[in-house]
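Accompanying notes for the structure given below.
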Amino acid sequence: MHLFHPHLYATCFLAAAALPGALYAQAPALAGQWQFQTATGTTTTNGVEVDLIDTGILDISEEQGGLRATIAWLDERGQLTPPRTVSGTAGPAGAVFRHGGKRVSTGRNGKEISTDVTIRWTLQAKGNVLSGERLVETDENEPKPVSGTRLTERYVPPTLPATPPAASGAARGPSTPAERARVVRMANEAQRDPLAVQQRDGAWLGAWIEAIPDFTLPASALENWLSIAGRPAIREATVFQYLASAMAFQIEHPEQAGQQSASDLAAMQGVLRAYETLLRQNKLNRSAKLDAALAARRQDRLPAFLATLSGRNAGIDAATSPSNDATARRIVALGTGEPRAMDWLDILSNRFGGRMAGSDAYTHAAQWARMQLRQWGVQAELEEAGQMPVGFNRGPWSGKMLAPEEQPLRLATPTYSAGTRGVQRGLAMMGPATLEEAQARAAQFKGKWVLIGGENGGGGRDGSTIHQPRAITRVLLQAGALGTIQSGEEPLYAASAAPAAWAALPTLPDIKLAAPQYADIRQRLARGEAVTLEFDVRNWFYPGPVTYHNVVARIPGTEKPEEIVLIGAHLDSYDGGTGAADNGGGVATMLEAMRLLALSGAKPRRTIMLVAFGAEEIGRKGSFAFAERHAGQLEHIVMMLNRDGRPGAIDGIAIPSAWKSVFGRVELALQDIHPVFGFAASINDVPRDASKAMSARAGSDDAVFSLHGVPTPKFTVLGDFDYARVHHTVLDTYDNVQPFSAAQQYSAIAIALTAYEVANAPEEINRKGYYRAAKAAP
């Protein structure tokens, strides 16, 4: 939560004019300038909520008839923002200032959510010491302390250094006619001599596309596919041809520039003509995937072929790997001939459902995973990873408007929030804006469904990590309200707010309602209509502590068992949906990879270890627990391969050049085993910054290993799965992943082969240079 400016240590000015000294002695005592500190919000890091501290200055002068305050915040450079004027009064407890403000929080997919709030400051002075409190009346749990000291000199913002002139070429205008003509010409020339033109113009074209403001090239599955479709010798040429042809199409057909399908079709035509040239130049340039595209063009099916590149509704048939390794060939034969990845996802999503840490669903899923691994002959154990103070099981939920007309309602509730007392119906009522209003209207809330402000950000109304009823919530509870209703963007986000103990269970339902329906009810109330609502929410608790576990499985190495290739995915999920994409699809492919390894008789030189982590969603607690328990093994983990993200076909990985020979064998094993999917390793020798791993919004369990120096190369994924639409929402269900069944199975094969080839590599797998050297402490 941030109020005003979200700087951790920003500075503000507060100027206050007090009532005449005859009324209250505090007014003259506050006269002058004061530097103060107070918390203006919170942030959560790995499940721990901490205050965000701001610093300010209070400047007092007397004014007849009342108090006034002016607040101006400073940015990180110490510069003042436009001031806010605040009126107030003086009283026995100190000078009181009340004003409106904005609470800005980050919701789903990085979207900022702004909520109107009312803020109250109560300030006192004693000598050169300032004290008091700051309260967000609208929804703050408790007041935040204010402390400060008197200033002897007025604050003067520091002088900023002069802004250097823009570097030559740093910004440029639209493309020129000559440039556009050059692009069209090179697109045509490249079809006749792809390698030569790419070598001549490739760097210029890439820089030009990045620089020009009047043309854009959106992300395309075709471009990603071309990076794996051709032989290594011609990949750069075919991707270059795609870029040149796509840009030429936009230049020659500006009216269709925004049509992705038309642009991709024109670009693919150019690519196939270039490919025909490459075949005439050298038969070794032949690619089964590009041959399939040529066949589709001859049959007038090229648009349909391009549609298959998303991986959606693809099939998978028994295939033979060209690998020289018998185990790798068995992995491919088993994975393509007897695919089971979606069976494991079906069990995780449709038998257990959402698997929140501390739920029966999670406990049972972990036990099942261990059982299944053991049935394949894999050593598997449960390792304690942590405890939840109470247990939680989600049941069914429903709601409807009964009057003035009947209609079903679309709703969700956060995990670890209260259910209803069976079916409960009552009138809807707009909620209070301030604590004073709540107290004044308390008698009105008995038996009512209370509409509160703000927008659902996924967490609980009364805390994102520990349930702590806010001041207004406590008034509603005491008044006998049925529950609160908050507006939420669809698909509804359903995250978590865990209670601290059995004695502190939430009792006031926290309903998130689809925004259009919330707005409709609010408008009806504004018109004076009586709106009757009914909800039935079955959220169940049981006494804790409830222990949750990591599932740890291993295939021992034959020559270097102490060296470990670790593959992992988090087993837990939020439970508004059934945790299919996040992260059932990830853990299902990892389990299938272990099945393929075990049943193919893999006996690698190094140990292959699988960890299905618990409690990733609430602070990567499972991976932290594993790192602590296995601290002595971390230096021997060759690499950690994590799967947590959108379902689809793994199509590559970024690696240092020192590992090229190892991953070349992965490429060979996967070569042409599927008509659409493929795998290509890309080289990146730039050292990574491990210190940034935990701050990334998209960080997962692999970030914990990065902090310990374990290499964590990332898989890339081909496909158009709309992950943002389902992530942590009620739509994270099996049916949304099912169209990507073949892609998921291919990913399991790719994971198994990657783990096997790395674990079985005769070469040394060296960490040197993977991470940037840490700076020495001053």
Practice task
Provide the per-residue ³J(HN,Hα) series for the range 301-313, in order, calculated from phi with Karplus coefficients 6.51, -1.76, 1.60 and θ = phi - 60°, each as a whole number of Hz, with x at glycine and proline positions.
Solution key: 10, 4, x, 5, 4, 4, 5, 6, 5, 5, x, 6, 6
Fill in the blank from the handout: Between the Cα axis of helix 260-281 and the main Cα principal axis of the chain, the angle (0 to 90°, nearest 10) is 30 degrees
Handout entry: Residue exposure sequence - Thr336, Thr415, Thr320 - by fewest surrounding Cβ within 10 Å
Key = Thr320, Thr336, Thr415
Completion exercise
So the angle from the long Cα axis of helix 515-526 to the longest Cα principal axis of the chain, reported in degrees to the nearest 10, equals 20 degrees
Handout entry: Using alpha-carbon coordinates, inclination of helix 660-670 to the longest axis of the chain, degrees
Key = 80 degrees
Practice task
Tell me which residues come under 5 Å, amide H to amide H, from Val378 once H is placed; ignore anything under 5 positions away on its chain.
Solution key: none
Handout entry: Of [x] 20; [y] 41; [z] 37, the label for percent of Cα pairs over 46 Å apart derived from the coordinates
Key = [z]
Fill in the blank from the handout: Taking alpha-carbon centroids only, the range 473-509 lies from the range 542-606 a number of Å equal to 34 Å
Exercise for the section: Could you pull out every one of the lysines with an alpha carbon less than 28 Å from that of Lys448, ignoring same-chain neighbours closer than 8 positions? Expected result: Lys102, Lys400, Lys512
Practice task
Counting helices only, and only those DSSP H runs with n ≥ 4, report the 222 nm mean residue ellipticity of the chain as the sum of -39,500 (n - 2.57) divided by its residues, in deg cm²/dmol to the nearest 500.
Solution key: -9500 deg cm²/dmol
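Please state the charge dipole magnitude for the range 405-530, taken about the Cα centre, from unit charges on C-beta atoms (+1 on K and R, -1 on D and E), reported in debye and rounded to the nearest 20.
360 debye
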Problem - Hz values of 3J(HN,Hα) by residue in the range 183-190 - Karplus curve (6.51, -1.76, 1.60), Gly and Pro given as x - result: 5, 4, 5, 5, 4, 6, 5, 5
Completion exercise
Note, the range 680-692: 3J(HN,Hα) by Karplus (6.51, -1.76, 1.60, θ = phi - 60°), whole Hz, Gly/Pro = x, goes 8, 7, 10, 9, 9, 9, 6, x, 7, 9, 5, 5, 8
Handout entry: Extreme residue, positive dipole direction of the chain, given options Gly577, Gly206, Leu284 (C-beta unit charges)
Key = Leu284
Fill in the blank from the handout: Quick note on His674, His253, ordering by fewest other C-beta atoms within 10 Å, gives His253, His674
Exercise for the section: From zero up to wherever the largest Cα-Cα distance of the range 658-719 sits, split into 10 Å bins and tell me the percent of pairs in each. Expected result: 18, 39, 31, 11, 0
Practice task
Please figure out what share of the DSSP beta bridges in the chain is antiparallel and state it in percent, rounded to the nearest 5.
Solution key: 75 percent
Completion exercise
Check: C-alpha center the range 634-694 vs C-alpha center the range 404-425, spacing in Å is 45 Å
Fill in the blank from the handout: Non-local residues with an amide H under 5 Å from the amide H of Gly41, with H modelled 1.01 Å from N and Pro and chain starts lacking one, are Leu52
Practice task
Would you mind ranking Lys289, Lys692, Lys603 by Cβ crowding within 10 Å, fewest neighbours first?
Solution key: Lys692, Lys603, Lys289
Problem - For the range 724-778 versus the range 257-288, the gap between their alpha-carbon centres in whole angstrom - result: 30 Å
Exercise for the section: For Val531, enumerate residues with amide H under 5 Å from its amide H, sequence gap 5+ or separate chain, H modeled in the peptide plane. Expected result: Ala428
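Here, each number is a calculation from the coordinates, and none is a lab measurement. Just so it is clear, the model here is predicted, and its values are computed rather than measured. Here the Cβ is made from the backbone with ideal geometry for all residues, glycine too, and neighbour counts use every protein chain on show.
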